[in-house]
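Contents: one structure, followed by commentary.
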Amino acid sequence: MRLTTLLPGRLGFGTAPLGNMFRAIPDNEVQETLQAAWDQGVRYYDTAPFYGAGLSELRLGEMLSQQPRDSYVLSTKVGRVIYDEVEDPATRELGEKGGLFEHGRPNKMVNDYTADATLRSVEDSLKRLRTDRLDIVWVHDIAQDFYGDDWLQYYESARTGAFRALSRLRDEGVIKAWGLGVNKVEPIELTLALDEPRPDGFLLAGRYTLLDHERALQRLLPEAAELGVDMVVGGPYSSGVLAGGTHFEYQEASPEIVQRVTRVKEIAARHGVSIKAAALQFSLAHPASAAVVPGATRPSRIAEDVAALEESVPTDFWAELRAAGLVSAAAPLPAGN
């Protein structure tokens with residue numbers, strides 16, 4: 001199924017921050033943020049067991065369980081199985097993302113992309129989310145940033161395990177779609193080259209943003225558009241640095257990135273454009289982009305995201321960004337006003 005057919009709109013809500021990413025977030029703040037998203041009309045929610053060892057799913061399930069199941073689209077991920085036994089979250093081996101969820105639940109997480117683990121993960125997610133079905137399931141993080149030089153071994157495990165299991169669930173009507181949810185383009189390029197099984201789309205996080213889009217434009221996005229394979233763009237604010245935060249790629253932003261953001265903001269200010277509007281509308285301008293899923297931990301941020309999609313952005317703004325070398329010459333730009 002095409003993601004553009006399945007998704008209810010072009011703006012979703014990414015719930016990674018609600019797993020206590022970077023900081024411990026009070027439950028009431030989380031529920032107020034989720035309620036704000038619902039009240040603002042957001043009807044697509046993305047989560048994962050990885051986000052706080054199930055914490056994000058539990059928190060999202062608390063809100064969504066109060067809503068009619070047919071009124072929203074829900075995606076989660078497989079690849080990590082959460083156990084009842086505990087461990088120190090700060091000592092988990094997470095590749096380039098060390099310490100990302102050290103404030104999450106202490107439940108032990110095991111990387112497992114086999115078919116049996118995939119089915120168990122789906123069942124566990126259904127319980128945490130308090131729902132009877134999932135719409136989309138992404139195979140999570142089978143890429144270099146988590147597994148380094150061993151990533152192809154994990155990919156092969158997923159290809160022969162999770163990919164086939166999710167294809168069966170889709171064919172049986174248990175889920176509507178599946179694909180990969182990754183922070184790198186290479187696993188998606190590899191998957192598009194497979195004869196089978198065939199995914200329905202992908203969630204690509206952080207690789208098609210104002211700050212980082214060159215690699216995705218070389219082959220992946222043109223090929224996806226040609227094949228009619230849709231992309232959900234995760235992390236459109238590049239871990240927050242494009243929305244007033246200090247993180248890029250889940251770590252403190254380098255001076256070079258800070259300088260680049262400053263240049264974008266200066267041009268945006270001259271044209272009266274908000275940085276959020278620039279970020280979201282850029283990520284959605286590519287023909288392969290089906291939706292963006294920014295995250296948030298404060299209710300006020302949701303209204304900003306909704307307004308950013310509707311904001312009028314002049315063509316001259318995009319032209320100046322391109323002339324300054326801040327967006328690729330190959331990047332499709334919004335039509336502007």
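Some values worked out for this structure:
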| read-out | value |
| --- | --- |
| For q = 0.06, 0.12 Å⁻¹, Debye-computed log10 I/I(0) when each Cα of the chain counts as one equal scatterer | -0.19, -0.80 |
| Backbone HN-Hα couplings from phi across segment 103-111 [Karplus 6.51/-1.76/1.60, Hz, Gly and Pro as x] | 9, x, 5, x, 4, 5, 10, 10, 6 |
| Per-residue HN-Hα couplings for segment 139-152 [Karplus 6.51, -1.76, 1.60; θ = phi - 60°; Hz; x = Gly/Pro] | 7, 9, 6, 7, 8, 5, 5, 9, 10, x, 5, 8, 4, 5 |
| Accessible area of D150 in the full protein assembly, 1.4 Å probe (Å², nearest 10) | 80 |
| Separation between Cα centres of segment 115-180 and segment 34-49, rounded to whole Å | 21 |
| The chain: relative contact order as a whole-number percent, Cα under 8 Å and 6+ apart | 19 |
| Spacing of the two label points (7 Å from each Cα toward its C-beta) at D195 and V110, in nm | 3.4 |
| Highest-MSF residue in the chain out of E214, E226, E189 [GNM, Cα springs under 10 Å] | E226 |
| Too-long pairs where the Cα-Cα distance tops 19 Å, listed order kept, from K77/K127; K184/K265; K97/K127; K97/K265 | K184/K265; K97/K127; K97/K265 |
| R80 long-range amide H proximity, modeled H, under 5 Å | D112 |
| Rg/Rg_ref, segment 21-73, where Rg_ref = 2.2 N^0.38 Å and atoms are Cα | 1.12 |
| Heavy atoms of K265 accessible to a 1.4 Å probe, total area in Å² rounded to 10 | 80 |
| Under-5 Å amide H pairs with H247, H placed in peptide plane, nonlocal only | V241, A253 |
| Segment 71-225 - Rg over Rh from alpha carbon coordinates, Kirkwood radius | 0.96 |
| Overall Cα dimensions of segment 247-336 - principal axes, largest extent first, Å | 35, 31, 27 |
| Under 5 Å, built H, 5+ apart or other chain: amide partners of Y44 | F13, V73 |
| Cα gyration tensor shape for segment 17-163, rounded if a/c is under 1.5, else prolate or oblate | oblate |
| Degrees separating the helix 255-271 axis from the principal Cα axis of the chain, which is the longest one | 50 |
| Most mobile listed residue (G41, G245, G54) in the chain, GNM with C-alpha springs under 10 Å | G245 |
| Euclidean distance of C-alpha centroids, segment 186-219 and segment 272-337, integer Å | 20 |
| With Cα atoms, 0 to 90° folded angle of helix 55-64 axis to the chain main axis | 80 |
| Normalised contact order of segment 112-190, rounded percent, pairs of Cα under 8 Å and 6 or more residues apart | 42 |
| Only Lys, Arg (+1) and Asp, Glu (-1) charged, at Cβ; segment 178-262 dipole about Cα centre in debye | 240 |
| Gaussian network model of the chain, springs between alpha carbon atoms under 10 Å - residue of L194, L326, L210 with greatest fluctuation | L194 |
| Sum of -39500 (n - 2.57) over DSSP H runs of 4+, divided by residues of the chain (222 nm, nearest 500) | -11500 deg cm²/dmol |
| In sequence order, calculated HN-Hα J values of segment 167-180 (Karplus, 6.51, -1.76, 1.60; Hz; x Gly/Pro) | 4, 5, 4, 5, 5, 7, x, 6, 10, 9, 7, 8, x, 9 |
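The values are calculated or read from the model by the stated rules, or taken from the named source; none is laboratory data. None of these values were measured; they are calculated from a predicted model. Neighbour counts are summed over all protein chains in view; Cβ atoms, including those assigned to glycine, are modelled from backbone coordinates with ideal geometry. In case anyone asks, the SASA skips ligands and DNA or RNA and just uses the protein heavy atoms, side chains included. Shrake-Rupley method; radii C 1.70, N 1.55, O 1.52, S 1.80 Å.
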